[in-house]
Amino acid sequence: MGLLWLIISWIIIGGIIGLLARALMPGKQAMGLGMTIILGVIGAIVGGFIGSLFGGDGISGIMDNPWSIGTILLSVIGAIIVMAIYGLVTKNRD
């Protein structure tokens, strides 16, 4: 049951982080809810790496306490970075 709860938690957290990042990111992001969740999860991982660069707990901090304010802020920053890169990659697709 632990692995199932972890997966469900990551989907929920990814959705919340992705929606927050989309709300803060200027411009229109043409993506569905599934892509928002995926980019939110990847953004949380990127945020964990950013946190570890500044002496934080990194990915283990996200796994241990995903609902802390610091973790959420780092995750949103990471998701904005990932969304910006995603926007650049998909910009020229028609």
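Among rounded, prolate and oblate, which fits segment 5-59 when a ≥ b ≥ c are the square roots of the eigenvalues of its C-alpha gyration tensor, a/c under 1.5 means rounded, and a/b larger than b/c means prolate?
oblate
Ranked from highest to lowest mean number of other Cβ atoms within 10 Å per residue, what is the order of the peptides 24-34, 77-87, 45-55, 5-15?
Listed from highest to lowest mean packing, they are 77-87, 45-55, 5-15, 24-34.
Quick note: the coordinates plus some simple rules give every number you see, no bench work behind them. Since we're looking at a predicted model, the values are computed, not measured. Here Cβ is always computed from backbone atoms with ideal geometry, including for glycine, and neighbour counts include all displayed protein chains.
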